[in-house]
1. So which residues in region 215-227 are in contact with a helix residue (DSSP H, G or I) (Cβ under 7 Å, 6 or more places away or on another chain) and buried (at least 18 other Cβ atoms within 10 Å of the Cβ), if there are any at all?
2. Condition first: surrounded by 16 or more Cβ atoms within 10 Å (Cβ to Cβ) and in contact with a Phe, Trp or Tyr (Cβ under 9 Å, 6 or more places away or on another chain). Now tell me which residues in region 408-432 satisfy that.
3. Mind checking which residues of region 392-411 are touching a helix residue (DSSP H, G or I) at 6+ places or on another chain (Cβ under 6 Å) and in a loop (DSSP other than H, G, I, E, B)?
4. Can you find a residue in region 119-128 that is open to solvent by 30 Å² or more (accessible area, probe 1.4 Å), out of contact with any Ser or Thr (no Cβ under 8 Å at 6 or more places or on another chain) and modelled with pLDDT of 85 or more?
5. When region 540-553 is examined, which residues are found to be outside any loop (DSSP other than H, G, I, E, B), at pLDDT below 95 and over 20 Å from Leu386 (Cβ atoms)?
6. Looking at region 502-517, is at least one residue assigned to a strand (DSSP E or B), touching a Gly at 6+ places or on another chain (Cβ under 7 Å), within 26 Å of Arg570 (Cα to Cα) and of a type in the set (Gly, Ala, Ser)?
7. Are any of the residues in region 293-312 in contact with a Leu (Cβ under 6 Å, 6 or more places away or on another chain), open to solvent by less than 50 Å² (accessible area, probe 1.4 Å), more than 23 Å from Asp508 (Cβ to Cβ) and modelled with pLDDT of 95 or more?
8. Do you know which residues across region 313-336 are open to solvent by 20 Å² or more (accessible area, probe 1.4 Å), in contact (Cβ under 8 Å) with a residue 12 or more places away in the chain and on the phi < 0 side of the Ramachandran plot?
Amino acid sequence: MAEGRVTAWSRLGGGRGILLAGWVPEACRASLAAPHAIVHFRAGGGAGPLQACAGAPIAGGREARRSFVALVEEMGDGADLVAIDLWDGSAALRLGADGAMAFGVGAMRAMAQAILAEPGADAPDDGGIIAVLARPDMPDAVDPAKLAVRLRCEIEETFLIAPDGLALYGWLADPADAVRAIRLRSGDRVTPLAAGHWLPIRRRDVLESIGVGLGLDDPALGFLAFFPEGLQSGAATMLEIETRAGEVARLPLPAPGYAPLAAIRSILSAVDLPHGTAVAPIFDQVLGPVILGLNRQRLRKPATATVLDFGDRPANPLRSVIVPLYGRLDFMTYQLVQFSATLGEGTEIIYVLDDPRQRWEAEPLAHSLFARLGLPFRLLCVDRNLGFGPAVNLGVRYSSGRHLCVVNSDVFPHAVGWLDGLSAHLERDPALGIVSPLLLFEDGTVQHGGCRLTALPQFGGWRFPLHPDKGRPAVAGMAGRMDCEAVSGACIMMPRAVWQDVDGFDEDYAIGDFEDADLCMKLQARGLGCAVAADVTLFHLERQTQGRNAKWRHNLTAFNAWHFNRRWERYFAVSGQRHAASKNKIDNFSEMKRKVA
């Protein structure tokens, strides 16, 4: 004979067990502490660990009774619940269950929580049934192809975004607009996909192979989905898709297969950016945090460098010339020839080879150049590709000069005394934080004469460091200093103390772009100026080391622009008048040329 009764129950999804509610005689209340339960279905049954808690006393009736809530875990399949035995190892308390109402999981959990909240209920252990009730349920799921609606989905790549975020790249074909919700399930953590964290991507391959057969004609079937948090370390992780009909499809996720830099390249190669104000939300909610996280992840491990010294380095150099080297190794030959003709004693030269694949070509070339020219220099062979900013920062750490001069490998001096000329500007004015030479194209026209931070409507008003005098003829005999908003990192000189005070280049700018403008903004925020020394000229071939301008590089520039503008947007907003004044200052170059002419 039953000694208690189950009045309501529900099966938890994912084989996690069954949740029960009912009553037991007050005299049998201690049986709720039994560690196991035997579950009887009309066809079959099973046993599993038991967690139970007594509720409040039930008024009325001939015997004292008390409500309860119980969870029997690790239960297999079964229907038509008949009875539950609470087993303490020697005796069992039978709870009849025929006629018990089967509820949906959400309703059952709400009922259980209400019972435990009643006055007079036992205080449950926070680590026991309360913790189980607090977990989101895992509903039973099917393969997307077996849903009642026509729906196809595949996750092709996953990207870890530290500390516990995840980005997913794949495609979804949903011709009936049947998807109601998408969730990331990792262990017992369930994270809904937030509005705006889904970036559609054109996938003509998916349209032709899948979409056309489903009656679709829009190629925007691909996606990049971003979950900023929710990943549980070591736990099984999957994507859940819930339809408007209440069905749930669950997709396993592939293990991350890309190194961070390759992941950045893969993601940015797939994205077509819109124009205007629509670009900002894409970076704010998806691309920005994803690329920023991947870039930080790739730089988290400190870089190591093999140091190769050619000749005797100066004991106490006044200046250090740091040259990041990537791609065009032949530029090192042309540049060292020019250095040997234009640099005096007391200057150390440091090349940072930022591509380990080129080491076995660069090392014999360096030996040959020293043998031919006799000019001492140091070559740092880095263990991986860092990008412009981190490579320069590494070179600075290996330098010792009082003035630091960063020079691109495609920048070439042509006259003796160019370093002295840059140093003289810094020595004359301690309030000058950074100085750049006037950079010329091979034909003598201006490549860089100072940058103006200009709002571009195609990027929703983001400011870009443009060169307003690019391509204009330079005037012979020009001299003096031209103050400006920013200078190009292709060739700059700074006092070491100032560089250290602002922590050099910010390494959140991926690969290269905008770290020079950011450096100038940090100097301005400290009250230090930026200027071009018009009396010092060098030649710049401009971006000759970067190779073909692939789509991913264009999108990477947009990422760096986003990061720069988000970092300094408040400064721009409160200092509009100062920037308007700077705009007039930079025009002094054009005015000066007119006067000289």
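The values are calculated or read from the model by the stated rules, or taken from the named source; none is laboratory data. Everything numeric here is computed off the predicted structure, so don't read it as measured data. Cβ: placed from backbone, ideal geometry, glycine included. Neighbour counts: every protein chain shown. Keep in mind that these areas ignore ligands, DNA and RNA; they rest on the heavy atoms of the full protein, side chains included. Shrake-Rupley method; radii C 1.70, N 1.55, O 1.52, S 1.80 Å.
1. Kept after step one, since they are in contact with a helix residue (DSSP H, G or I) (Cβ under 7 Å, 6 or more places away or on another chain), are these residues of region 215-227: 216, 219, 221-222, 224, 226.
Those that are in contact with a helix residue (DSSP H, G or I) (Cβ under 7 Å, 6 or more places away or on another chain) and buried (at least 18 other Cβ atoms within 10 Å of the Cβ): Leu221, Gly222, Leu224, Phe226.
2. Within region 408-432, Asn408, Ser409, Asp410, Val411, Phe412, Pro413 qualify.
3. Kept after step one, since they are touching a helix residue (DSSP H, G or I) at 6+ places or on another chain (Cβ under 6 Å), are these residues of region 392-411: 402-404, 406, 409-410.
If the condition is that a residue be touching a helix residue (DSSP H, G or I) at 6+ places or on another chain (Cβ under 6 Å) and in a loop (DSSP other than H, G, I, E, B), then Arg402, Ser409, Asp410 are the ones that fit.
4. Taking region 119-128 first, the residues open to solvent by 30 Å² or more (accessible area, probe 1.4 Å) are 119-120, 122-127.
Subsequent filtering for residues that are out of contact with any Ser or Thr (no Cβ under 8 Å at 6 or more places or on another chain) retains 119-120, 122-127.
Checking which are modelled with pLDDT of 85 or more leaves us with 119.
Within region 119-128 (the criterion being open to solvent by 30 Å² or more (accessible area, probe 1.4 Å), out of contact with any Ser or Thr (no Cβ under 8 Å at 6 or more places or on another chain) and modelled with pLDDT of 85 or more), the answer is yes, since at least one residue qualifies.
5. Lys551
6. We begin by selecting, within region 502-517, every residue assigned to a strand (DSSP E or B); these are none.
The answer is no, given that none of the residues of region 502-517 is assigned to a strand (DSSP E or B), touching a Gly at 6+ places or on another chain (Cβ under 7 Å), within 26 Å of Arg570 (Cα to Cα) and of a type in the set (Gly, Ala, Ser).
7. Yes, that holds for at least one residue.
8. Residues of region 313-336 open to solvent by 20 Å² or more (accessible area, probe 1.4 Å): 313-316, 318-319, 326-328, 330, 333-334.
Adding the requirement that they be in contact (Cβ under 8 Å) with a residue 12 or more places away in the chain leaves 313-314, 316, 318-319, 326-328, 333-334.
Of everything in region 313-336, those that are open to solvent by 20 Å² or more (accessible area, probe 1.4 Å), in contact (Cβ under 8 Å) with a residue 12 or more places away in the chain and on the phi < 0 side of the Ramachandran plot turn out to be Arg313, Pro314, Asn316, Leu318, Arg319, Tyr326, Arg328, Thr333, Tyr334.
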